[in-house]
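Report on the following structure.
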Amino acid sequence: MEPQWPLILFTFFLCLAGGIFGMQGYLDVKGKGAKMQKASLLMSLIALIVGGISVFFHLQHWERIFNGFGHITSGITHEFIICIVFAVVLLIYFIMMHRSEDNLAPKWCGVLAIIVGLLMPIVTGFSYLMPARPSWDTPLLVLYYTANTFVLGSLTAMIIADVKKEDDVKDELGKWALWSVIVELIIVFIYACVINASGNLYSSDIQYYFDPTLPDVPMVDRVGIETSLFAGSQAVSFWLGTIAVGHVVPLVLLFMLKKKNEKYRGYSVVAFICAVIGSFTWRVSLYVVALDIFSLFIP
Amino acid sequence: MAHYAILTDLNRCTGCLSCTVACKAINGVPVGHFWIKTLRVGPHPKYEGAQFPDVEMYFLPMQCQHCEHPECVEVCPTEASHVREDGTVQIDRSKCIGCRFCVMACPYGVRYLNEEDRVVEKCTLCEERITQGELPQCVSQCGARARFFGDLDQGVDNFEAPAHPDSPGCQYDEMTQTRVRLKDYVEPYKPSDIHHVVDVGNHPKMMYLLREGREWRE
């Protein structure tokens, strides 16, 4: 399938919003991160709004958007609901933060932030589980979005902590970021292996066919597309973009940051940028390999 | 509630594309879009290592399968895609927001975005015709009389195709109501000869008749 950029941006910004807010919630529960609260909430809100605007570009009739609550079994309806719940919790956190004497939101607000921060990628992931598209129809997609939320959230929180000089949380956030990148790398690699081995799911009995309405279009190379991640058209994007830049570089930088050397301070920014690149390249790859199960012709 | 479907006798289908053309003509399907396509499946070797002429093939008219559990309806956020009382899957164009989740959720790639009206479209099983007791246009125009339409509740043997009226100068109503039954018209078949395209839990209702001796491929 052609990459759907509005949806790619939407899932990215939802993971970013959920990650930042969830990480702030975690710090809040631990009684830390008071100075970075406002910045975290603001960044999370901006990410939510940008994600929301992005998805509007995917809709052909956005003026009918409020029909969107009409059908509760739809993943889009679920995404709508979780975005609204997320915004409400964000507002509650903001109000309670201002009302508290120590300028730190109550712990229950932190717990709520963690819950909605986690629900964001989970609900988003579930909305893409479709039996028609075996490459997506796996819990690995939900796990990836969840891990991506941790990666983006912890790295953004590190940058905010750096800017706001919240020195007592940097080590902890660094550990979260490090382990999140490791876990995400494992998930991505397993996911790529599963996709690579899925070529025989796609009408494999039919070796030859012809679509008379597309006489000059070759047969869909189903096995070739599914194996393109490791050695094919997606290999450069996968190995260089997703694995090397998206995971290995951030891992190296985060290991270096653990040494607490001041000159490495800007490394969290570079690690974040690399993680963003990896997030996009993997999402694009997931669209490229998302053949429908009866993928004999291009609609 | 009826359960309308179409059965295509693949031993009869000649791949003439009449169904494809008739559908486009009556439904005004935009250029480049097809609510029904006729694919050629094969030629495949009849047995391991077989060479020409020991090969076989069949034509496969592919359209919306009007599934029992349509995933396109599940994922539609506005209920634009819905199951009608007659069991067919329809799209309410006024509700469609063009999110194309139904396109992604359809296992068969038979939904299209109408770029002019910015709504998703697909085979309606000629809703406006079947509600008047007529046959879908692809069934009416089938050049090989390979396509039969009917209600699954009445049994597939009773599916109908158009037939020649006794009097050549008959009126339109008589012409459209002159039918043959599947069981009476086609070569004998067994229940095991009736196939469906690949099912991932959506239970497609369209049927394909390919008799013993020819290999059905999914």
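The values are calculated or read from the model by the stated rules, or taken from the named source; none is laboratory data. Just so it is clear, the model here is predicted, and its values are computed rather than measured. Backbone-built Cβ (ideal geometry, glycine too); neighbour counts: all protein chains shown.
Just checking, does segment B:34-57 include any residue being assigned to a loop (DSSP other than H, G, I, E, B), in contact with a Ser or Thr (Cβ under 7 Å, 6 or more places away or on another chain) and not charged (D, E, K, R)?
Step one: filter segment B:34-57 for residues assigned to a loop (DSSP other than H, G, I, E, B), giving B:34-35, B:46-54.
Next, from what is left, pick out any that are in contact with a Ser or Thr (Cβ under 7 Å, 6 or more places away or on another chain): B:34.
Narrowing further to those that are not charged (D, E, K, R): B:34.
Yes, segment B:34-57 contains at least one residue that is assigned to a loop (DSSP other than H, G, I, E, B), in contact with a Ser or Thr (Cβ under 7 Å, 6 or more places away or on another chain) and not charged (D, E, K, R).
Among what's in segment A:1-33 and is part of a loop (DSSP other than H, G, I, E, B) and surrounded by fewer than 24 Cβ atoms within 10 Å (Cβ to Cβ), pick the residue that is modelled with the lowest pLDDT. Give the derivation first.
First, the residues of segment A:1-33 that are part of a loop (DSSP other than H, G, I, E, B): A:1-4, A:30-33.
From the residues that got through so far, the ones that are surrounded by fewer than 24 Cβ atoms within 10 Å (Cβ to Cβ) too are A:1-4, A:30-32.
On the way: A:1: 86, A:2: 90, A:3: 93, A:4: 95, A:30: 93, A:31: 92, A:32: 91.
Per the criteria, the residue is A:1.
Looking at segment B:1-21 only, could you name the residues that are more than 11 Å from the chain's Cα centre (by Cα), within 14 Å of chain A (Cβ to nearest Cβ) and of a type outside the set (S, T, N, Q)?
Result: B:10, B:13, B:15, B:16, B:17, B:21.
With a cut-off of at least 2 residues that are free of Cβ contacts under 8 Å to residues at least 60 places away in the same chain, name the strands (runs of 3 or more DSSP E) lying wholly within segment B:90-193. Walk me through it before giving the result.
Working: elements: B:112-114, B:119-121, B:147-151, B:160-162, B:179-181.
Strands (runs of 3 or more DSSP E) meeting the threshold: B:119-121, B:160-162, B:179-181.
Go through (1) in contact with an Asp or Glu (Cβ under 9 Å, 6 or more places away or on another chain); (2) closer than 23 Å to residue B:209 by Cα and name the single condition residue B:21 misses.
Of (1) in contact with an Asp or Glu (Cβ under 9 Å, 6 or more places away or on another chain); (2) closer than 23 Å to residue B:209 by Cα, only one is false for residue B:21: (1).
Any residue that is touching a Phe, Trp or Tyr at 6+ places or on another chain (Cβ under 6 Å), in contact (Cβ under 8 Å) with a residue 40 or more places away in the chain, polar (S, T, N, Q) and not assigned by TED's automatic domain parsing to the domain that holds residue A:279 - is there at least one of those in segment A:50-64? Give the derivation first.
Let us first name the residues in segment A:50-64 that are touching a Phe, Trp or Tyr at 6+ places or on another chain (Cβ under 6 Å), namely A:50-51, A:54-56, A:62.
With the extra rule that they be in contact (Cβ under 8 Å) with a residue 40 or more places away in the chain, the set shrinks to A:50-51, A:54-56.
Within this subset, residues satisfying the condition of being polar (S, T, N, Q) are A:54.
Imposing the further condition that a residue be not assigned by TED's automatic domain parsing to the domain that holds residue A:279 reduces the set to A:54.
Looking through segment A:50-64, at least one residue is touching a Phe, Trp or Tyr at 6+ places or on another chain (Cβ under 6 Å), in contact (Cβ under 8 Å) with a residue 40 or more places away in the chain, polar (S, T, N, Q) and not assigned by TED's automatic domain parsing to the domain that holds residue A:279.
Can you pull out the residues in segment B:82-109 that are under 22 Å from residue A:137 (Cα atoms), of a type in the set (A, V, I, L, M, F, W, C) and more than 7 Å from chain A (Cβ to nearest Cβ)?
Passing the criteria: B:102, B:103.
Mind telling me which of the residues A:81, A:115 ends up being at pLDDT below 95 and assigned to a helix (DSSP H, G or I)? If you could, list the steps in order and put the result at the bottom.
Numbers: A:115 fails: at pLDDT below 95.
On inspection, the qualifying residue turns out to be A:81.
Would it be correct to say that residue A:129 is surrounded by fewer than 17 Cβ atoms within 10 Å (Cβ to Cβ), in contact with a Leu (Cβ under 8 Å, 6 or more places away or on another chain) and more than 23 Å from residue A:43 (Cβ to Cβ)?
Judged against the criteria, residue A:129 is a match.
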